[in-house]
Amino acid sequence: MTIDIQSLEDRYIDSCRRQGVLPNSSILSSLFKAEVKKSNHDLCKLEILIDDLKDVDIAPLLDLCMNFDASEIEAVDVRNESSCVLNGEYALSLMRAVNKKLRVVHLQDLSYGKDFLRDISQRGLACQVLTLRCSRFRKLNLTGEFMHMHTLNLDFSSSLTSFQEDCFNCMPNLTRLSMCDTRITNLWTTVAALSKLPSLIELRFQYWQYCNDAGTSFISCSGKSDDTTDFSLLDRIPFIGEPFTSTTELTDPNFNSEDPLRNFYSLDEEIINHEDSSDDSEVDFTSRHHRYWLSDVFPGWSSEVPLLHENEDEEDSSQGTFMEPIADVSMKYMSRHASPICYEKHYREFMIASLPNLKNLDNMPIRKIDKERATGIFSQYFEYLPYKWKHKESVVSILQKREIKSGHNKVHSSKNRTSYPPGQSQYFYTRSLSAAKLGSSTWPFLHPLSLLGCELDKGFHPRQFEYHPSDSSLMVFGTLDGEVVVINHENEHIVSYIPSLGAMNSVLGLCWLKKYPSKLIAGSDNGSLKLYDIHHIPRKVTGIHGNFGCVTFDEFDQLTSVHVNSTDELFLASGYSRNVALYDINSGKRLQVFTDMHRGHINVVKFANHSPSIFATSSFDHDVKMWDLRQKPIHPCFTVSSSRGNVMVCFSPDDQYILASAVDNEVRQYLAVDGRLHLVFDIAPTESSQNYTRSYYMNGRDYIISGSCDEHVRICCAQTGRRLRDISLEGRNLGSSVFVQSLRGDPFRDFNMSVLAAYMRPGSKSKIVKINLLASSGHANKDDSDDLRPCPFHSMGA
């Protein structure tokens, strides 16, 4: 027999009497409202505001919940709108006791702490709608069972930057997801996480809001601008629990204004005020409220609202051929509360092409023409897999094919030479294996070097590093304190340690010799230049320090860069001047100073990898110049220019190209023979004059890696410019992505690199992070326990 609401109230009061507590007035009021709804033939729902509850209220309330399944109550909504005194464990017990009739759970920035959120994440909830606005979590990891949930709202979760690999595994019925005003940036990891949601059709990272010539307005169900709208609402985004009409209503012929779950917004009649809950002031995404227009972002959309005639079918509407003005007023869209991912170039096309089941993105419908355009844009600007592979394939399958063809070739080949499939190079299988491994590891393995074998009673503050050119295990880094440290980066042990001895400041220039692999040049910003032989340098430094047999060169004031030529005979130095100095390694003498080579200071100088007299310079005067020592570098071989100051230049390993990186993601590739422009990499600028960009080659000259002070690492094909992947560097307690201070591709391992992560928080240390794109990170790295927050460096260098 169904328990009526009056009987529920009687049982609740009786339970309170037995527990020796007064009935909670908020619960009594909610029961009364539920009875009114029942009499009005509305959804009979009980709203529980946990802000009004105390610990003593829980016992009788749990007794009441035990009767819900057999009662007239059709749904229970649990809300938290402000700080509350209720114990977190009690709040969890309450939500779980409601069980199957739990409809909406709305949790604001809670004071319950990490254990409360961890319990929800790991055990799940039985609710249909979950609104979780919290600044406490950085990586979303909802691995528990949310089998009934169809709507998830994470708007204004101000610290949310990414997703754990197992997130969304148990949400088979989730159809709507909103993450406006978060800090999510990475297209690839985001799509990989969302691809696990088979029912997802509506996704939102920003809100497109109507504006007209007279100002900003919302649109009513009738399709007319609503002049009675409260304009105070325009500074925040509507989310679950707010009455608001989305453009879905305007384009959905089956829209029913009475449907309580019709979209993200209209579940009840309450309006919940938005207050900025961010407790992290280190990153200011001022672009969140950019006034960019719909017609600028989505070619094909006019400034009119797309409306469906009632007799139009879905196929016709998807072509976007029916457009009607609203009240004869010119209307435009403006982006509101956008997460940083929305400002990634071709964001909308990437999401549409990668999530084919989506029907609505950022409250704008996805039409047939949008899907066609997205497919074209994706193939033009992005690589699905490396080396133009079109489909994912398992490593086992590739190895089996190789074995079969290898056996076939042994039987049929009479010549003692390696045979490859027709039209395929000797690199075919290594590249196919790389494509297979990278395709299965969206979250690459990140490992900060810890130097566990360090016997020095201090930490290091790396400022520059270089891989060894012939020993795959060695790496050298220089520190902000003037130290030079040679390490085995495979086993994380120190090979040689050179203290500063008061003679050096920040080490900005490092270069190994090629013919003499135990020797390296180190230069610091105070002008000191020395050559060291690591075979004569002890690993452990004690007592009085000698000079370790080093060679000291004439100083080059305010040095930023050094580089040795291909024969190990000469090296160049540049810095905060318009001059470049040439040194003879054998004699230890400075041979010449080339003056006024640029109009501004020369940040980086690089010799060619195979031509001992050819070198290039990059300057903040916007120019990159090629020089030849045989011609007495008075006039450059050629000059190429960028629109902003050049941070660095480097040669491809075969010297066929030079790669120039200018401030704010302006990366260009030129033919080294004559300076003709070969490729402009399509990386969106941030409009920041402090966004210093550095780029290097990886996998020989197949790919380039580009990192900036304000953003993550990007990997692009060096032949087509298409983006293969972005890598976000994050630490356990991070509130923002790290700054890329320097980076290098591993010369011995495909799709491996190291990044010098510099941090913003005072007192934190910079770290060298090794990245393997062919191995999956799985869960959070245990080595990531140290906080990986960026700290600023004002000195330049590559």
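Over the range 1-108, with every protein chain in place, what whole percent of the accessible area is carbon and sulfur at 1.4 Å, could you tell me?
Numbers: 2550 of 5150 Å².
Reported share for carbon and sulfur atoms: 50 percent.
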- [ ] Name the long-range amide H neighbours of Gly600: under 5 Å, sequence gap of 5 or more, or other chain; modelled H, no Pro or chain starts.
- [x] Asp621
- [ ] Take the cross-link list Lys345/Lys390; Lys37/Lys101; Lys392/Lys770; Lys114/Lys196; Lys114/Lys139 and give me the ones stretching past 18 Å between alpha-carbons.
- [x] Lys345/Lys390; Lys392/Lys770; Lys114/Lys196
Task: ³J(HN,Hα) computed for each position of the range 202-208 - Karplus, 6.51 cos²θ - 1.76 cosθ + 1.60, integer Hz, glycine/proline x - done: 10, 9, 9, 10, 7, 10, 8
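Would you mind working out the accessible area per residue for the range 22-138, using a 1.4 Å probe, and quoting it in Å²? If you can, show how the numbers build up before the last one.
Details: 4980 Å² over 117 residues.
With all protein chains present, the range 22-138 gives 43 Å² per residue.
Using only the Cα atoms, what convex hull volume per residue in Å³ does the range 100-191 have?
87
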Open item on the list: Quick one: 3J(HN,Hα) in Hz for the range 640-651, Karplus 6.51/-1.76/1.60 with θ = phi - 60°, rounded, Gly and Pro as x.
Closed with: 10, 10, 10, 7, 10, x, 7, 7, 7, 9, 8, 8
- [ ] Let me know the whole percent of all Cα-Cα pairs from the range 591-746 that are separated by more than 22 Å.
- [x] 39
TODO: Express in % the proportion of alpha carbon pairs of the range 617-677 at distances exceeding 14 Å.
DONE: 51
- [ ] Report, by chain and number, residues whose modeled amide H sits under 5 Å from the one on Phe205, excluding near sequence neighbours (fewer than 5 apart, same chain).
- [x] Met179, Asp362
TODO: Find how many whole Å separate the alpha carbon centroid of the range 56-107 from the alpha carbon centroid of the range 464-525.
DONE: 61
TODO: Step through the residues of the range 349-366 one at a time and calculate ³J(HN,Hα) from phi using the Karplus curve (6.51 cos²θ - 1.76 cosθ + 1.60, θ = phi - 60°), rounding each to whole Hz and writing x for Gly and Pro.
DONE: 5, 4, 5, 5, 5, 8, 10, x, 7, 4, 10, 8, 10, 6, 6, 10, x, 9
TODO: Give the long-range amide H neighbours of Ile48: residues separated by 5 or more places, or on another chain, with amide H under 5 Å away, using H modelled in the peptide plane at 1.01 Å from N.
DONE: Asp77, Val78, Arg79
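The values are calculated or read from the model by the stated rules, or taken from the named source; none is laboratory data. Note that the structure is a prediction, hence the values are computed from the model and not measured. Ligands, DNA and RNA are stripped out before the accessible areas are found, and what is left, the full protein with its side chains, is counted by its heavy atoms. Shrake-Rupley method; radii C 1.70, N 1.55, O 1.52, S 1.80 Å.
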